[in-house]
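**Student:** Okay, handing you the structure first.
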Amino acid sequence: TNLLSLLETFMFARKCPFPHVVRAGAVFIPIHVVKEKLFPKLPGASVDQVLQEHKVELRPTTLSEERTLRDLELKSCTSRMLKLLALKQLPDIYPDLLNLLWHDSLRQQLGSSSESGQHPPK
């Protein structure tokens, strides 16, 4: 909840802690931020699935936006990872991504304990 309120503050104040571009008064972040900075342990396909479930469409960057993002800190990013997500959509998908991360971590924990012959605590 604290993060969601921070996101709302960023949207209201039009300040963003991530590399971003502003288009028609709206703040957009590259999908790289979601996949590699916020949820680096989640498979990219899982993030894509959440975006699809929420009917979120990533927008392509213009050449000048791509140049701006690369100048900030995303020099090695592919053009695909620079596709833009509206910052206002992040609070909608964030809880589902967090839930996926929790389930993925739990699955890994249970998998590693059963592989070593241990039984998960009940």
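**Student:** Is region 2-115 rounded, prolate or oblate when judged by the Cα gyration tensor, a ≥ b ≥ c being the square roots of its eigenvalues, rounded requiring a/c under 1.5 and prolate requiring a/b larger than b/c?
**Tutor:** prolate
**Student:** Considering the dipole of region 2-115 built from charges on the beta carbon (Lys and Arg +1, Asp and Glu -1) around the Cα centre, which of LEU98, LEU58, LEU72 is farthest to its positive end?
**Tutor:** Towards the positive end, the residue furthest out is LEU72.
Coordinate-derived values only; no laboratory data. The structure presented is a predicted model; accordingly, all values stated were derived computationally and were not measured. Neighbour counts run over all protein chains shown; Cβ positions are idealised from the backbone, glycine included.
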